C-alpha cells in the first residue's frame, strides 16, 4: 500500500454516446452490463481511496447514473464533451494528491495492474505516469496516474480539442513541464487488443467472458493469456483494428482549431 497520508482517487469516465459503438458501456456480457463488470474489477484494486464514475449530465447518460446507484458507487455528472472539465470537477471536492484515470471501454481491466501503476507513480514522484504512452500491456489494460496539481494546471491552461476530450495530452505531451514516467512490463503484449471501441472488440471481450467468467468471475490477465494460448483464433476477431484511432481524430480537430485561431488573430491585427 502507498503511504496512508497520500490521498488517491480513481475516476472512471463513461458515457453512452460513443461515436463508434453507441451505448457500448451498457451492452450485456454474460447477463450484466459491460460497465458493471469493469466497475467490479476496478473495485478489487487496493491502491486508491475512492472510486468515482464520471459521466455526463446529458439525459442519455441517466442509465449510467442508475447503474451507479445499483452498485452503490459514486457518480459525478458533468460536461458531455469536455472530459477534462468533467474530470477536474469530479476530483476538486476531494483535494486528492493523485488521480487514477480509467476509461469505460476496458471491461478486462486488471486490479493488479492498476495497483502497480499507482505505486510506480507515487514511489517515483512522477507528475504523470501511464502504461499506454510506450505500451507493453494489452490495449485495454490502460492506466494513467497523475497529480491533482497537474490536472488542475491542465484544466486552467488546455486549449486544444484533444486536450479537453482526452484529459491528459496537455500533461503527457509536455515533458518539459511535467515529470513523466512510463510503466512497462518485460513481456511486450501491446499487440493484443482487449479494449472495446468497435463491434468486433465487443465480440472478442464477450468470447473471453463466456470462456472464463462462469468458472471464475475474478479471472485475471494470466487466465486470459492462457485462454488465448489455447484458442489463438480469438485474437483474430479484432486483431487488425488500429490503436488510438479516436485520439488521432482529435489531433485532426486540433489542426482545424489552430488554423481558425490563426485566421482570427490575423483578422484582429489588420
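The values are calculated or read from the model by the stated rules, or taken from the named source; none is laboratory data. Being a predicted model, the structure only gives us computed values, none of them experimental. Every residue, glycine as well, gets a Cβ built from its backbone with ideal geometry; the counts of neighbours run over all protein chains shown.
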Inset, instruction - Return the only residue of 39, 29 being under 24 Å from residue 216 (Cβ atoms) and more than 19 Å from the chain's Cα centre (by Cα). - result: 29
Inset, instruction - Would you confirm whether any residue within segment 65-82 is over 30 Å from residue 157 (Cβ atoms), without any contact (Cβ under 8 Å) to a residue 12 or more places away in the chain and in a loop (DSSP other than H, G, I, E, B)? - result: yes
Inset, instruction - Any chance you could count how many residues in segment 100-120 are buried (at least 24 other Cβ atoms within 10 Å of the Cβ) and farther than 17 Å from residue 43 by Cβ? - result: 1
Legend entry - Cβ pairs under 8 Å, 6+ apart, first in segment 7-19 and within 13 Å of residue 86 (Cα to Cα), second assigned to a loop (DSSP other than H, G, I, E, B): 12/104; 13/104; 13/167; 14/104; 15/58; 15/80; 15/104
Legend entry - Residue count for segment 1-24, restricted to those that are buried (at least 19 other Cβ atoms within 10 Å of the Cβ) and either modelled with pLDDT under 95 or touching a strand residue (DSSP E or B) at 6+ places or on another chain (Cβ under 6 Å) (or both): 9
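Would you please name the residue that is surrounded by the fewest Cβ atoms within 10 Å (Cβ to Cβ), looking only at residues in segment 32-46 that are out of contact with any strand residue (DSSP E or B) (no Cβ under 9 Å at 6 or more places or on another chain) and part of a loop (DSSP other than H, G, I, E, B)? Reasoning before the result, please.
Of segment 32-46, the ones out of contact with any strand residue (DSSP E or B) (no Cβ under 9 Å at 6 or more places or on another chain) are 32-33, 41, 44, 46.
Subsequent filtering for residues that are part of a loop (DSSP other than H, G, I, E, B) retains 44, 46.
Numbers: 44: 14, 46: 12.
So the residue we want is 46.
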Legend entry - Within segment 131-234, helices (runs of 4 or more DSSP H) holding 3 or more residues that are surrounded by 18 or more Cβ atoms within 10 Å (Cβ to Cβ) and under 20 Å from the mean Cα position of the chain (by Cα): 148-157, 161-165, 169-172, 199-212
